[in-house]
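Here the structure is laid out as structure tokens; the discussion comes afterwards.
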Amino acid sequence: MSRRPWVDSMPTLNEIITEAVRDFTENGFDSEDRLRFWMERIRSAAVSALVPEGELRTMLTARLGADYLRMVERGGMLAMHRGVARYTVDRLKPNMRAELDRRIMASANLIKLNRQAAIEKTMQRFSGWATSIPAGGSDAVDKAETKANIRKAMGQLPFEERRVIIDQSHKFVASLNEIVAKNGNALAVEWHSHWRQAGYNYRKDHKERDGKIYAMRGNWALEQGLMKKGPAGYYDEITAVGEEVFCRCSARYLYALRDLPDDMITQKGKDALAKIRAAM
């Protein structure tokens, strides 16, 4: 683990673990005091190695703020909601701004929990190994392998935190889309999967949803008998876009009866569409 500017004056986590492994290899688990001493030093070094929470929050705000700017302020939302007027999106800005604040807080809390888990995993691995070494030490210890195993959770943490930020970005955009869809009275949702993307670890059931159209339960066209749920069923019967961890699927929302597939329009709906077309 490389040094960070805020911990240059103290040993790195890797250096502390190296010293601890050497000490226990030479002396073994001969006292609670020895174990406690190194546990405290490892925990302190692990905490110091983390990106400060203030800097992390700045990163989250920048990433999710960019999503908000792209989708809300610059009109990216409208591409997913053809049929929704710009003033509808503008009217919903307070709701979406509140969602931005909520998502930043939720993301920061999730990363904090992951950090705590990584530190505890590191402590658990060190303690489990150290207490297995007999008093007097051991010549059979593979120091490189031992150190790699102890620091594994902390070593993976930067990568995991980037994944969390990316995942929370997708969840935030999905939440913004749902706010517009519910307030704009969407009739249905068309699911889009990225299963064709090379290297993407898609879910099999999400691939099967690709291109399917799900009805929004309780919408005005259903209530008036102009449409039915169709073969895919209702959207609330499945996990939503972005709901599952690392889901990158997206959705296109349908607002007009004429945009629905034929098997979702009732005879009453077809008659209504025919009258509209005849009057044009």
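The values are calculated or read from the model by the stated rules, or taken from the named source; none is laboratory data. Small disclaimer: the values here were computed from a predicted structure and weren't measured. Every residue, glycine as well, gets a Cβ built from its backbone with ideal geometry; the counts of neighbours run over all protein chains shown.
Among Trp191, Trp220, which is under 22 Å from Val89 (Cα atoms), surrounded by fewer than 20 Cβ atoms within 10 Å (Cβ to Cβ) and modelled with pLDDT of 95 or more? If you could, list the steps in order and put the result at the bottom.
Details: Trp191 fails: surrounded by fewer than 20 Cβ atoms within 10 Å (Cβ to Cβ).
Residue meeting the stated conditions: Trp220.
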task: Need at least 1 residues that are closer than 28 Å to Arg162 by Cβ per element, so show me which helices (runs of 4 or more DSSP H) inside the stretch 1-108 make the cut, counting only ones lying wholly within it.
output: 13-27, 32-49, 53-68, 77-80
message: Any residue that is in a helix (DSSP H, G or I), among the aromatic types (Phe, Trp, Tyr) and surrounded by 15 or more Cβ atoms within 10 Å (Cβ to Cβ) - is there at least one of those in the stretch 111-126?
response: yes
query: Does any residue of the stretch 224-231 turn out to be under 30 Å from Arg162 (Cα atoms), modelled with pLDDT of 95 or more and in contact with a helix residue (DSSP H, G or I) (Cβ under 9 Å, 6 or more places away or on another chain)?
result: no
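Pick from Ile179, Ile276, Ile265, Ile213: which is hydrophobic (A, V, I, L, M, F, W, C) and either within 30 Å of Glu160 (Cβ to Cβ) or in the same structural domain as Asp101 (by TED's automatic domain parsing) (or both)? If you could, list the steps in order and put the result at the bottom.
Working: Ile276 fails: either within 30 Å of Glu160 (Cβ to Cβ) or in the same structural domain as Asp101 (by TED's automatic domain parsing) (or both); Ile265 fails: either within 30 Å of Glu160 (Cβ to Cβ) or in the same structural domain as Asp101 (by TED's automatic domain parsing) (or both); Ile213 fails: either within 30 Å of Glu160 (Cβ to Cβ) or in the same structural domain as Asp101 (by TED's automatic domain parsing) (or both).
Only one candidate passes the filter, namely Ile179.
Condition (residue is touching a residue at least 60 places away in the same chain (Cβ under 8 Å) and in contact with a Ser or Thr (Cβ under 7 Å, 6 or more places away or on another chain)) applied to the stretch 257-274: is it met by at least one residue? Before the answer, list the steps.
So in the stretch 257-274, the residues touching a residue at least 60 places away in the same chain (Cβ under 8 Å) come out as 257, 259-260, 264.
With the extra rule that they be in contact with a Ser or Thr (Cβ under 7 Å, 6 or more places away or on another chain), the set shrinks to none.
Scanning the stretch 257-274, I find no residue that is touching a residue at least 60 places away in the same chain (Cβ under 8 Å) and in contact with a Ser or Thr (Cβ under 7 Å, 6 or more places away or on another chain), so the answer is no.
Of the residues in the stretch 64-87, how many are crowded, with 18+ Cβ neighbours inside 10 Å, of a type outside the set (Val, Ile, Thr) and out of contact with any strand residue (DSSP E or B) (no Cβ under 9 Å at 6 or more places or on another chain)? It would help to see each step written out before you state the result.
Quick first cut of the stretch 64-87, residues crowded, with 18+ Cβ neighbours inside 10 Å only: 64, 67-68, 71-72, 77, 80-81, 84.
After this cut, where a residue has to be of a type outside the set (Val, Ile, Thr) as well, the list is 64, 67-68, 71, 77, 80-81.
If we keep only those that are out of contact with any strand residue (DSSP E or B) (no Cβ under 9 Å at 6 or more places or on another chain) as well, we get 64, 67-68, 71, 77.
Qualifying residue count for the region: 5.
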Selection from the stretch 230-280 of residues that are over 14 Å from Glu190 (Cβ atoms) and part of a loop (DSSP other than H, G, I, E, B): Thr239, Gly242, Glu243, Glu244, Val245, Phe246, Cys247, Arg248, Thr266, Met280
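Every residue, every condition in (1) surrounded by fewer than 16 Cβ atoms within 10 Å (Cβ to Cβ); (2) farther than 13 Å from Gly137 by Cα; (3) modelled with pLDDT of 95 or more; (4) among the β-branched types (Val, Ile, Thr), yes or no:
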site	(1), (2), (3), (4)
Pro5	yes, yes, no, no
Arg22	yes, no, yes, no
Asp33	yes, yes, yes, no
Phe37	yes, yes, yes, no
message: Go through (1) in the same structural domain as Thr12 (by TED's automatic domain parsing); (2) surrounded by fewer than 16 Cβ atoms within 10 Å (Cβ to Cβ); (3) of a type in the set (D, E, K, R) for Arg196 and report which single condition fails.
response: (1)
- prompt: Can you tell me which residue in the stretch 241-256 is farthest from Arg163 (Cα to Cα), limited to those that are buried (at least 19 other Cβ atoms within 10 Å of the Cβ) and of a type in the set (A, V, I, L, M, F, W, C)?
  reply: Leu254
